[in-house]
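The values are calculated or read from the model by the stated rules, or taken from the named source; none is laboratory data. Values in this document were obtained by computation on a predicted structure and should not be read as measured data. Ideal geometry is used to build each Cβ from the backbone, glycine not excepted, and the neighbour counts take in all protein chains shown.
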Amino acid sequence: MPRVVQYRTAPPDVLPAAVTAEACVDLDAIAGNVRLVAGLTDALVMAVVKADGFGHGGVRTARTALANGASWLGVTSCAEGLELRDAGLTAPVLCWLTSAGQDFRAAITAEVDISVSSVAHLRSVAQDAARLSRCAAVHLKADTGLSRNGARPEDWAELVAAARDAERRGAVRVRGIWSHLAHADRWAHPGVGEQVGLFDELVHRARAWGLDPELLHVANSAAALGHPGTHYDLVRAGAAVYGVEPVAGRAFGLRPALTLRARLIGTKRVPAGTGVSYGHRYTTPGESTLGLVPLGFADGVPRAAGDRAEVWVAGERRPVAGVISMDQFVVDLGDGPAAVGDEVVLFGPGDRGEPTVADWARWAGTNPHEVLTRIGGRVPRRHVGGDRG
Ligand SMILES: *Cc1c(COP(=O)(O)O)cnc(C)c1O
């Protein structure tokens, strides 16, 4: 088969003329981030592509990650796993947010691995597998301290025994044992070692009671980059894939992949003291040019960031003026050049001095993950670079 060469439709720093707003995803950045993670570990790399690839497009992110060092894909729901299969992706996939009583048959048929957290959960998967005369691959989730999903240590023996019985009947195969960390984003936090210690003990018991999992995994992006003792057989990288630095106060050289930008759809010259947007929370300090940007909180621009946020216009950062509305906000352009159609970058990789998603997260009092995953459905996504599949 000839190799299909992918050309960029435009470099990622150029907004197509006809577009008034877009989320542009640089697949080359995703590729580089995955390679960076893979280069720091001997473990397999799972690209976590839940929530439509943190808003970057799940299938495209998955393809790019698989071509650059990832070998597993991680999602939460069975539906997300099936979407990857429907797109023709055959790499192993784990889904980890399901419950007893769900219909697992489509996932089992599509060979999507299923995380199970309780005896009832395991039996539910095993029953669906038996109905299909198939063997479901499961990963037993241990709650080692996050207190979300997973079996608590006192319930571990019962879950392992049920899994061993289901394995003997041929209904399931325990492919993995795994857990999730509470403090990996903190450098040298003692909680990481405590969870890993408990995880080791639970794995040891599972083996002693007859299970033989091929994959142990606990690390997310922060642990993959900042806690080498947590890698085991596989690391689950989400944030890092998208270029979000996951460890507080440290930078590993990841490149933000998503640029959110728009064109000014209006400008006006106003005198000093002009109140702007609902409630006039902003008044112009001097005579000024205001620019209107057609993106608002319905598009995922965090309303809570309004009083502090800046955007990048004509080579500099300019303040958002007043309240961010549902569909639009105003930027104070001062005496700078301003014309309808000028590009406004809300966030990007930061190369040119534009804000990054981490800046917006700080202004809004949240994390970059929330800002990225809330970019609204009406903002067109455009993929450049890499394998645009
Ligand atoms: C979302 C998620 C990840 C990825 O986390 P990042 O911190 O974004 O790398 C890993 N594991 C589980 C269980 C998750 O839910």
Q: For residues that are closer than 17 Å to T356 by Cβ, at pLDDT below 95 and small (G, A, S), tally how many sit in the stretch 226-250.
A: 2
Q: Mind listing just one residue for me: the one in the stretch 106-118 that is closer than 17 Å to R173 by Cβ and over 24 Å from the mean Cα position of the chain (by Cα) and, of those, surrounded by the most Cβ atoms within 10 Å (Cβ to Cβ)?
A: I108
Q: Name the residue, out of G197, G150, G170, that is in contact with a Ser or Thr (Cβ under 6 Å, 6 or more places away or on another chain) and modelled with pLDDT of 95 or more.
A: G150
(Q) So, V276, is that one in contact (Cβ under 8 Å) with a residue 40 or more places away in the chain, crowded, with 20+ Cβ neighbours inside 10 Å and out of contact with any Asp or Glu (no Cβ under 8 Å at 6 or more places or on another chain) or not? (A) no
Q: Kindly check whether there is at least one residue in the stretch 89-99 that is more than 16 Å from the ligand (Cβ to nearest atom) and in contact (Cβ under 8 Å) with a residue 12 or more places away in the chain.
A: yes
**Q.** Selection from the stretch 153-187 of residues that are within 15 Å of N220 (Cα to Cα) and away from the ligand (no atom under 16 Å from the Cβ)
**A.** none
Q) Within the stretch 171-197, which residues are part of a helix (DSSP H, G or I), surrounded by fewer than 17 Cβ atoms within 10 Å (Cβ to Cβ) and not charged (D, E, K, R)? A) P190, G191, G193, G197
Q.
Can you find, within the stretch 292-335, the residue that is surrounded by the fewest Cβ atoms within 10 Å (Cβ to Cβ) among those that are closer than 20 Å to V371 by Cβ and of a type in the set (D, E)?
A. D307
Q) Can you tell me which residue in the stretch 338-389 is surrounded by the most Cβ atoms within 10 Å (Cβ to Cβ), limited to those that are β-branched (V, I, T) and part of a loop (DSSP other than H, G, I, E, B)? A) I375
(Q) Would you confirm whether or not the stretch 282-291 contains a residue that is touching a residue at least 60 places away in the same chain (Cβ under 8 Å), of a type in the set (S, T, N, Q), away from the ligand (no atom under 16 Å from the Cβ) and farther than 30 Å from L40 by Cα? (A) no
Q) Do the conditions hold for G53, that is, is it over 13 Å from V112 (Cβ atoms), within 15 Å of the ligand (Cβ to nearest atom) and out of contact with any Asp or Glu (no Cβ under 6 Å at 6 or more places or on another chain)? A) yes
Q) Is it fair to say V311 is within 28 Å of the chain's Cα centre (by Cα) and without any contact (Cβ under 8 Å) to a residue 40 or more places away in the chain? A) no
Q | Only listed residue being within 14 Å of the chain's Cα centre (by Cα), within 13 Å of the ligand (Cβ to nearest atom), over 24 Å from A23 (Cβ atoms) and assigned to a helix (DSSP H, G or I), chosen from A240, A222 | A | A222
Q.
Checking the structure you have, find out if any residue of the stretch 138-148 is more than 16 Å from the ligand (Cβ to nearest atom) and either farther than 18 Å from L216 by Cα or crowded, with 22+ Cβ neighbours inside 10 Å (or both).
A. no
Q: Give the residue, chosen from D86, D103, D113, that is in contact (Cβ under 8 Å) with a residue 24 or more places away in the chain and away from the ligand (no atom under 15 Å from the Cβ).
A: D103
(Q) Going through V276, V203, V270, V235 one at a time, which residue ends up being away from the ligand (no atom under 16 Å from the Cβ), touching a strand residue (DSSP E or B) at 6+ places or on another chain (Cβ under 9 Å) and under 27 Å from A47 (Cα atoms)? (A) V203
